[in-house]
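Notes follow once the structure below has been shown.
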Amino acid sequence: MRRIALLVLITISLTRVYAQREYLPTEEDLEVFHTTKTYIVLQDNPISEYNFEITDAMKKYWDITEYEFLDYKDFYKKSMDPNASFLYTATVSFEKDKSNTRYTFLCLSLGGDHSSLDDLRDVVNIPLCYYGVDEDSYTYKLGTLVNFMQKHVRMITEHPEMISQNVFKEYNDNMSEISDKTLYVIEDEMENVIGSEARFRSVYPHTFRFVTREEVKEAIMNKDKDVVFLHKVGPEGKKLRARVYKILIGAGDSNFYYFDYHKVNDKKPDAFLESDLKKLSRTN
């Protein structure tokens, strides 16, 4: 993996450029992680919605390691500590992506000797949002994502044979369980052909609701075990032939029930596709 760190004024902006293969954690990495203290790197902006939500998420969910909050200005120095791990956001782009699309990922990495922050060894990372979108479009999901990350780390620690470039696709084995839950979908995240309740119902035979983002947030806050919601990360209306990540997550259990991505083109918009929905329908 080739990674580039940029120094802008006094603030370090962590930017990663992923090549064909990104870093995969080893069994030794995972053993080390469980002995570390995890530092939650806060944004420079003291009134950041991210800071508020990640603080709340850690207090509610995190129990896999000891943790402490860390100001961003202290990140680089502390990152040299081999007894530390770090939860933070990084800007990500892909080396062969001609659109130069940038995303924000939520990363969990190990500290230790390195020349730049880009050399930190990842334990797990998750696409959080398209770079530059309003914080309130994703911060309400942070608790669910944080809880998933620690569950995922426990899983790959117990089953290291599952570690691979496409490890999240292992969770597609959970698709059949969605039929017992209510699938929450937001109209503007759907491909047009399934963008109404009638069209959606013609493909998907199980319980679903077209909802607002506020209703998704409410289900997450209530830890509703009967709800699965879509976490979509794409270029948000920009005319880019970029990746669109599509993840279905349990509002109550934080499990992944579906993971996939596609590249935007003339036939595949920045949306949850009819083909995705058909996959869910075929497994039930």
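The values are calculated or read from the model by the stated rules, or taken from the named source; none is laboratory data. Since we're looking at a predicted model, the values are computed, not measured. Heads up, the Cβs are rebuilt from the backbone with ideal geometry, glycines too, and the neighbour counts pull from every protein chain shown. In case anyone asks, the SASA skips ligands and DNA or RNA and just uses the protein heavy atoms, side chains included. Shrake-Rupley method; radii C 1.70, N 1.55, O 1.52, S 1.80 Å.
Worth pointing out:
- Residue that is surrounded by the most Cβ atoms within 10 Å (Cβ to Cβ), among those in segment 77-91 that are over 19 Å from THR104 (Cβ atoms) and under 23 Å from the mean Cα position of the chain (by Cα): SER85
- Of residues in segment 35-52 being under 17 Å from GLN150 (Cα atoms) and in contact with a helix residue (DSSP H, G or I) (Cβ under 7 Å, 6 or more places away or on another chain), the one surrounded by the fewest Cβ atoms within 10 Å (Cβ to Cβ): ILE40
- Residues within segment 96-140 that are within 24 Å of MET80 (Cβ to Cβ), of a type in the set (Ser, Thr, Tyr) and in contact with a helix residue (DSSP H, G or I) (Cβ under 7 Å, 6 or more places away or on another chain), tallied: 0
- Qualifying position, being farther than 30 Å from PHE94 by Cα, touching a Leu at 6+ places or on another chain (Cβ under 8 Å) and surrounded by 14 or more Cβ atoms within 10 Å (Cβ to Cβ), among PHE208, PHE272, PHE229, PHE256: PHE208
- Set side by side, the residues TYR257, TYR204, TYR184 differ, and just one is under 17 Å from the mean Cα position of the chain (by Cα) and among the hydroxyl-bearing types (Ser, Thr, Tyr), which is TYR257.
- Filtered residues of segment 33-67 (kept if of a type in the set (S, T, N, Q) and outside any helix (DSSP H, G or I)): THR35, THR36, THR38, GLN43, ASN45, SER48, THR65
- Filter pass, LEU240 being in contact with a helix residue (DSSP H, G or I) (Cβ under 6 Å, 6 or more places away or on another chain), of a type in the set (A, V, I, L, M) and either at pLDDT below 95 or buried (at least 19 other Cβ atoms within 10 Å of the Cβ) (or both): no
- The listed residue being farther than 19 Å from ASN192 by Cβ, out of contact with any Ser or Thr (no Cβ under 6 Å at 6 or more places or on another chain) and free of Cβ contacts under 8 Å to residues at least 60 places away in the same chain, out of GLY252, GLY237: GLY252
- Search result, residues across segment 142-200 that are hydrophobic (A, V, I, L, M, F, W, C), loosely packed, with under 13 Cβ neighbours inside 10 Å and modelled with pLDDT under 95: MET162
- Within segment 224-236, the residues that satisfy the criterion of being at pLDDT 95 or above and not aliphatic (A, V, I, L, M) are ASP224, LYS225, ASP226, PHE229, HIS231, LYS232.
- Answer from VAL203, VAL216 - the residue that is hydrophobic (A, V, I, L, M, F, W, C) and either surrounded by 17 or more Cβ atoms within 10 Å (Cβ to Cβ) or in contact with a Pro (Cβ under 8 Å, 6 or more places away or on another chain) (or both): VAL216
- Taking each residue of segment 170-199 that is farther than 22 Å from HIS262 by Cα and aliphatic (A, V, I, L, M) and looking for partners that are open to solvent by 30 Å² or more (accessible area, probe 1.4 Å) and at pLDDT below 95 with beta-carbon atoms closer than 6 Å, six or more apart or interchain, yields nothing.
- For segment 92-117, taking the residues that are in contact with a Leu (Cβ under 8 Å, 6 or more places away or on another chain) and aromatic (Phe, Trp, Tyr), the one that is surrounded by the most Cβ atoms within 10 Å (Cβ to Cβ) is identified as TYR103.
- Lone qualifier among TYR72, TYR103 - being over 17 Å from TYR39 (Cα atoms) and either within 21 Å of the chain's Cα centre (by Cα) or not β-branched (Val, Ile, Thr) (or both): TYR103
- Answer residue from segment 118-132, given it is under 17 Å from TYR103 (Cα atoms) and open to solvent by 40 Å² or more (accessible area, probe 1.4 Å) and is modelled with the highest pLDDT among those: TYR131
- Condition broken by HIS262, with the remaining ones in (1) more than 27 Å from HIS152 (Cβ to Cβ); (2) without any contact (Cβ under 8 Å) to a residue 24 or more places away in the chain satisfied: (1)
- Tally, over segment 53-69, of residues that are closer than 19 Å to GLU135 by Cβ and open to solvent by less than 40 Å² (accessible area, probe 1.4 Å): 5
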